[in-house]
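Peer 1: Following this message is one structure expressed as structure tokens.
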Amino acid sequence: MIWDREHECMDRESLEKLQLGRLKQLVERLYQRVPHYRHALDARGILPKDIRSLEDLRRMPFTGKDDLRQNYPYGLFAVPLDEVVRLHASSGTTGKPTVVGYTWRDIGTWTELIARIVSQAGVTSADVAQVCFSYGLFTGAFGLHYGLEKVGATVVPSSAGNTDKQIMLMEDFGTTALISTPSYALYLAEAAREAGVEPRELNLKVGLFGGEPWTESMGRQIESMWGIKATDNYGLSEVIGPGVAGECLEGAGLHISEDHFLAEVIDPDTEEPLPYGEKGELVFTTLTKEAFPVLRYRTRDLAILDPEVCACGRTSVRMCKVMGRTDDMLIIRGVNVFPSQIESVLMSIRGIAPHYLLIVDTRGPLNQLEVQVEPDPTVFTGSFRDLEALEASVRRRLQSVLSISARVKLVEPKTLERTAGKSKRIQTA
Amino acid sequence: MKVKQISVFLENKSGRLAEVTRILGSNNINIRALSIADTTDFGILRLIVNNPDTAYTALREAGFMVSVTEVLAVEVPDTPGGLAGVMAVLGSQGINIEYLYAFVTKASADALVIFRVEECDRAIQVLQGNKINVLDEAEVYAL
């Protein structure tokens, strides 16, 4: 079903007219209200009135994670705080998170966008939708929640974790739609089997998966284990959260809501826009957001755009599944984490040397992170208990600061490779 | 009365123990007693050698994480219940044993057991007060 036929199936000419009008308003607002953007535009000698076509977008400055960090927490907000009704945050590359805000109207926009993606995955008011994302600062749970309610689905806000209970709720409530990370969907299926529940015999018919990149083969595995249709959706908190794009039942890419977001693909090195069909970094400009608009936000996600009209009838440009990152961000069980964050946690712990190796094991249903560290030889007492306590304290700090559960392995001193950069510090098992 | 024990951190990967023994051998060090405790990832090798200072320096220079710990070498009657008697003495005085392991001796009527306890000095007093022989350093290294 198509939730908003007018916008989702708009002809190209009308869409571009709408986009241009909104882009002009956006740049005007950014210039008037956000000093960061005014300076960035001034530095390029661009005034809001200079925008005459969508082509002019390529002259605009980019926005990156660094800009968000430098303007922490509210520096990039375009409305006073009394108009902001909600804050969300995602992990920053070091220490402080990235904060984003929503006006009441933004929440309404977000809800509409989610209504579109859940409808294109086939979810209707007849569905019971279980949301297994953590309800909190991350955008996943609240984002999906309101859009699912909007289409009239019965929402089960079961949140993340507590797998046995999730399975019980699915059985008892007759859940038909599963909302989670793809890796959790696999884990849940295995856990159900171990608990003597055959996933295929449950009521589930569709899954909306997001929060981390996944491959076609992982999708097929989820589909066969659960006997469902697995759909992908995409978003990031800096742009709005989930709801930027979603897959329809044709399974031919993710429809981007272009009336709200201008999508570009650029060469991450030259920063030049690339034509449709070429792989590059996704860049989004928010056309309608009030509290936290962004101009040419560099997502660091790699993908390809396809402008062909989809068999489902929607005219929007589709992005392929995310093919990788331009930076070294890791996604461990749906939690974004940068090696630099892990590094800063490790540096704060007494008794370990400042060298480490991260090993990401993607073989099982859930990504596993192993952190190898060298104990500091000067604190070695020869006691087993002291080493085990050290291991446990590293594990606890990673859990409490970054919300990631990692396996910690102590290795012999001076065995981890010494490099200036961090590129050698990540391995994939 | 206290004996120097060498503890070596070993990652669980092949060839590490061989490397330790090779270094000791080439430095003319004789191993008198040893024990290994391990988890899936790492182990700690504990050694009593004839020359702990040389062993410590040689292993450190080879890049191993090494420490020296004081332990007790206790003579235990080589008869059924021999060790039980020593344990009862320590237990009755509330002395906790962190770990212990046996010593290889030649042609002696008694067995030798290495004890690592929290309160070394008090343990010595208690043992000697109960007529249990605690060997001194020189005796142990010369065995």
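Peer 1: Take the residues in the stretch A:290-311 that are surrounded by fewer than 17 Cβ atoms within 10 Å (Cβ to Cβ) and hydrophobic (A, V, I, L, M, F, W, C); name whichever of them is farthest from residue A:75 (Cα to Cα).
Peer 2: Among those that are surrounded by fewer than 17 Cβ atoms within 10 Å (Cβ to Cβ) and hydrophobic (A, V, I, L, M, F, W, C), it is A:311.
Peer 1: Evaluate the following for residue A:350: is it closer than 24 Å to residue B:118 by Cβ, basic (Lys, Arg) and within 13 Å of chain B (Cβ to nearest Cβ)?
Peer 2: no
Peer 1: Return yes or no: is residue B:75 part of a strand (DSSP E or B), of a type in the set (Asp, Glu), under 24 Å from residue B:121 (Cα atoms) and within 14 Å of chain A (Cβ to nearest Cβ)?
Peer 2: In short, no.
Peer 1: Just name the residue that is nearest to residue B:18 (Cα to Cα) out of those in the stretch B:61-83 that are open to solvent by 30 Å² or more (accessible area, probe 1.4 Å) and within 19 Å of the chain's Cα centre (by Cα).
Peer 2: Applying the filter and picking the extreme gives B:68.
Peer 1: Looking at the stretch A:32-48 only, could you name the residues that are open to solvent by less than 30 Å² (accessible area, probe 1.4 Å) and under 16 Å from residue A:297 (Cα atoms)?
Peer 2: Once the filter is applied, which keeps residues that are open to solvent by less than 30 Å² (accessible area, probe 1.4 Å) and under 16 Å from residue A:297 (Cα atoms), the stretch A:32-48 yields A:34, A:37, A:40, A:41.
Peer 1: Restricted to the stretch B:1-16, and to residues that are open to solvent by 10 Å² or more (accessible area, probe 1.4 Å) and touching a residue at least 60 places away in the same chain (Cβ under 8 Å), which residue is nearest to residue B:125 (Cα to Cα)?
Peer 2: B:1
Peer 1: Please pick out the residue among A:363, A:396 that is within 30 Å of residue A:140 (Cβ to Cβ) and either at the interface with chain B (Cβ under 10 Å from one of its Cβ atoms) or in a helix (DSSP H, G or I) (or both).
Peer 2: Within the list A:363, A:396, the selection yields A:396.
Peer 1: Of everything in the stretch A:185-237, what is acidic (Asp, Glu) and part of a loop (DSSP other than H, G, I, E, B)? Give them in sequence order.
Peer 2: Within the stretch A:185-237, A:198, A:212 meet the criteria.
Peer 1: Mind listing just one residue for me: the one in the stretch B:17-34 that is in contact (Cβ under 8 Å) with a residue 60 or more places away in the chain and open to solvent by 30 Å² or more (accessible area, probe 1.4 Å) and, of those, farthest from the other protein chains (Cβ to nearest Cβ)?
Peer 2: Restricting to residues being in contact (Cβ under 8 Å) with a residue 60 or more places away in the chain and open to solvent by 30 Å² or more (accessible area, probe 1.4 Å), the top hit is B:32.
Peer 1: Any residue that is at pLDDT 95 or above, buried (at least 16 other Cβ atoms within 10 Å of the Cβ), out of contact with any Pro (no Cβ under 6 Å at 6 or more places or on another chain) and closer than 24 Å to residue A:330 by Cβ - is there at least one of those in the stretch A:113-129?
Peer 2: no
Peer 1: Please name all residue pairs, on different chains or six or more residues apart, with Cβ atoms under 6 Å, provided the first residue is in the stretch A:268-291 and is over 13 Å from residue A:306 (Cα atoms) and the second residue is open to solvent by 70 Å² or more (accessible area, probe 1.4 Å) and not in a strand (DSSP E or B).
Peer 2: A:273/A:58; A:290/A:105
Peer 1: Another question about this same structure. Quick one: residue B:86 ticks every box in (1) touching a Phe, Trp or Tyr at 6+ places or on another chain (Cβ under 9 Å); (2) within 14 Å of another protein chain (Cβ to nearest Cβ); (3) within 16 Å of residue B:135 (Cβ to Cβ) bar one, so which box is it?
Peer 2: (2)
Peer 1: May I pose another question? Going by the conditions given, is residue A:354 of a type outside the set (Asp, Glu) and part of a loop (DSSP other than H, G, I, E, B)?
Peer 2: Judged against the criteria, residue A:354 is not a match.
Peer 1: Whether any residue in the stretch B:50-64 is more than 14 Å from chain A (Cβ to nearest Cβ), farther than 30 Å from residue A:416 by Cα and in a loop (DSSP other than H, G, I, E, B) is what I want to check.
Peer 2: Yes, the stretch B:50-64 has at least one match.
Peer 1: Now a separate question. Would the stretch A:280-295 turn up any residue that is touching a Gly at 6+ places or on another chain (Cβ under 7 Å) and farther than 20 Å from residue A:361 by Cβ?
Peer 2: There is at least one residue in the stretch A:280-295 that is touching a Gly at 6+ places or on another chain (Cβ under 7 Å) and farther than 20 Å from residue A:361 by Cβ.
Peer 1: To continue, here is another question. Quick one: would you say residue A:331 is modelled with pLDDT of 85 or more and among the aliphatic types (A, V, I, L, M)?
Peer 2: no
Peer 1: Okay, next question. How many residues are surrounded by fewer than 20 Cβ atoms within 10 Å (Cβ to Cβ) and closer than 30 Å to residue A:86 by Cα when one looks only at the stretch A:271-289?
Peer 2: Of the residues in the stretch A:271-289, 1 are surrounded by fewer than 20 Cβ atoms within 10 Å (Cβ to Cβ) and closer than 30 Å to residue A:86 by Cα.
Peer 1: Within the set of pairs 6 or more residues apart or between chains, which connect a residue that is at pLDDT 95 or above inside the stretch A:96-109 to a residue that is among the hydroxyl-bearing types (Ser, Thr, Tyr) and in a helix (DSSP H, G or I) with Cβ atoms less than 8 Å apart?
Peer 2: What qualifies is A:100/A:139; A:107/A:146.
Peer 1: If you don't mind, there's one more thing I want to ask. Output the residues belonging to the stretch A:2-31 that are loosely packed, with under 12 Cβ neighbours inside 10 Å and farther than 17 Å from residue A:285 by Cα.
Peer 2: A:5, A:6, A:11, A:13
The values are calculated or read from the model by the stated rules, or taken from the named source; none is laboratory data. What you see is a predicted model; the values in this text were computed from it and never measured. We place every Cβ from the backbone using ideal geometry, glycine too, and count neighbours over all the protein chains shown. With ligands, DNA and RNA removed, areas are computed over all heavy atoms of the protein, side chains included. Shrake-Rupley method; radii C 1.70, N 1.55, O 1.52, S 1.80 Å.
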